[in-house]
Amino acid sequence: MSESERPSGCTVIVGCQWGDEGKGKIVDVLAEDVDIIARYQGGANAGHTVHVGDEEFVLHQIPSGILHRGKRCLLGNGVVLDIVQFFEEYHALQARGVDLEGRIGVSERAHLLLPYHRLLDKADECQATRKIGTTGRGIGPAYESKAGRSGVRVADLANPSRLQELVAAGVEHAERRLAALGQEYSSELQGAVDDALSLGEALQALAADTGLEIMQALRSDKAVLLEGAQGTALDLDHGTYPFVTSSNTTAAAAATGVGIGPTAISRVIGVVKAYTTRVGNGPLPSAFDEEMDKHVRELGGEFGATTGRPRRCGWFDAVLARYSARVNGLTGLAVTKLDVLDTLPEISIVTGYRIGADVVEEFPADTWSLGTVEPVLETVPGWEASTCDARRLEDLPSAARHYLDRIQELTGAPVEMISVGTKRSQIIRSV
């Protein structure tokens, strides 16, 4: 693409299901044509899997765009940064030949996730009578510290006395909570915290004002891509509460999470699988029966990139996707893993939920009712042919095109990209 053809403006990439939609690949593909890629929320509980040639990269905190030479990658203030895991990922990329010099910036306003947050996360989940299905990575307690105004930020690393005071208070708080939960306090915790903070100087060298940097880039007609973690149905406000993550995953959070105003965003691309998956606890209205669940999981390799947990699978849920299109203000859709459905003779789409005698077509706020709904299915013919070599819409079987058209009609958002495999080249752009 010539310099005159390169896009400008700010695009948000957001998941529109329960996470694991394939955002990493979409960000990787789009990153080639932008200048800055920034992560706006979440922590090391997310995993973006990207294939470059025969190599597979699983990224947890560093934006997927890092695999494109010369791109600037930022972690915004909405992220909770696991400093130990971050540098493990950083050095692993260097060991695989990825040049990171001057390419990564971390918001001075981002909060640190420290070892006591992980201990609290695991203890809380262990003792809970209603388990959320957390990854145990400390994300929830880190956001609790942030909301409770007792967190440690990247900016605090530059003030040793304040840092010591904040960390001491965090350790003391963790001790009290662990004792209350009947968990034995680990004598190794302080050492783990000290080890984490020993990386502070290296992190300070990467500290940046992400909002200022992004706005300066946009004013210079450069292109920016904002990526989130998890998906809309895991949003703290708009998801299937309480079976959600601890931050806002939706597109509106992108502006807050990197430090820019909402009017700076020009495009919002929602990522959906051609079917639906969910990892962790909580309802999945479109769930397959046990045999079909196992079959599609094997076809799609549906195991969590972070934990390896098997994902539950179901038909494409148009009720959820339509809701996601509305709350995110989508300008377009990217449909991933269309190829996973290649061998199925028939494919169903959930168009509504039957609750008692009523059929609802809008996603309900009452999470508990989702566990008892009967999905209303619309069944269409499968294409029973490989889509892996398709590079244009015209290359797809007519039944596959009809399926995509129906997704577009039901969600009200135009399909702009279709992924038909794990490789960068296995992408169809319809606009």
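What follows is calculated from the coordinates using simple rules that are stated; it is not laboratory data. Because the structure is predicted, anything quoted here is derived from the model rather than measured. Quick reminder, even Gly has a Cβ in these numbers, built from the backbone with ideal geometry, and neighbours come from all protein chains shown.
Assorted remarks:
- DSSP-defined beta bridges in the chain - what % are antiparallel, rounded to 5: 40 percent
- Descending semi-axes in Å of the stretch 351-398, equivalent ellipsoid built from Cα gyration tensor: 35, 12, 9
- Taking Cα atoms only, the orientation of helix 398-411 departs from the longest principal axis of the chain by about 60 degrees.
- Calculated mean residue ellipticity, 222 nm, the chain: -9500 deg cm²/dmol, from DSSP H runs (n ≥ 4) at -39500 (n - 2.57) each, averaged per residue and rounded to 500.
- Under-5 Å amide H pairs with Phe316, H placed in peptide plane, nonlocal only: Thr276, Val350
- Cβ crowding within 10 Å, taken as a proxy for footprinting-reagent exposure, orders His51, His117 from fewest neighbours to most as His51, His117.
- In plain terms, the chain from Leu100 to Ser398 could stretch by 102.9 nm, reckoned as 0.36 nm per residue minus the Cα-Cα distance.
- Label point distance in nm, Glu32-Asp366, each placed 7 Å from Cα along Cα→Cβ: 4.9 nm
- Less than 5 angstrom separates the built amide H of Val152 from those of Leu112, all sequence-distant by 5 or more or on a different chain.
- Across the chain, the convex hull enclosing all Cα atoms gives 142 Å³ per residue.
- For the chain, relative contact order (Cα pairs under 8 Å, six or more residues apart, normalised by length) works out to 20 percent.
- Computed from Cα atoms, the angle from the helix 318-328 axis to the main principal axis of the chain rounds to 50 degrees.
- Panel order for Trp18, Trp383, by other beta carbons found within 10 Å of each beta carbon, from fewest to most: Trp383, Trp18.
- Debye intensity ratio I(q)/I(0), log10, the stretch 258-318, q values 0.17, 0.26 Å⁻¹ (C-alpha model): -0.64, -1.10
- Largest mean-square fluctuation among Glu201, Glu291, Glu227, in a Gaussian network model of the chain whose springs join Cα atoms under 10 Å apart, belongs to Glu291.
- Residues listed by number, the stretch 399-431, amide nitrogen under 15 Å from Glu384 label point at 7 Å toward C-beta: 399-400
- Between helix 210-219 and the chain: long-axis angle, C-alpha atoms, 0 to 90°, nearest 10: 50 degrees
- Once the C-beta distance of Ala168 and Arg424 is scaled by a Förster radius of 45 Å, the resulting FRET efficiency is 0.40 to the nearest 0.05.
- Over the C-alpha atoms of the stretch 111-202, the Rg to Rh ratio, Rh being the Kirkwood estimate, stands at 0.97.
- Computed over the Cα atoms of the stretch 156-301, the ratio of the radius of gyration to the Kirkwood radius (Rg/Rh) comes to 1.07.
- The stretch 249-302 and the stretch 208-231: distance between their alpha carbon centers, rounded to Å: 22 Å
- Each of Glu89, Glu290, Glu125 has some number of other Cβ atoms within 10 Å of its Cβ, and from fewest to most they run Glu290, Glu125, Glu89.
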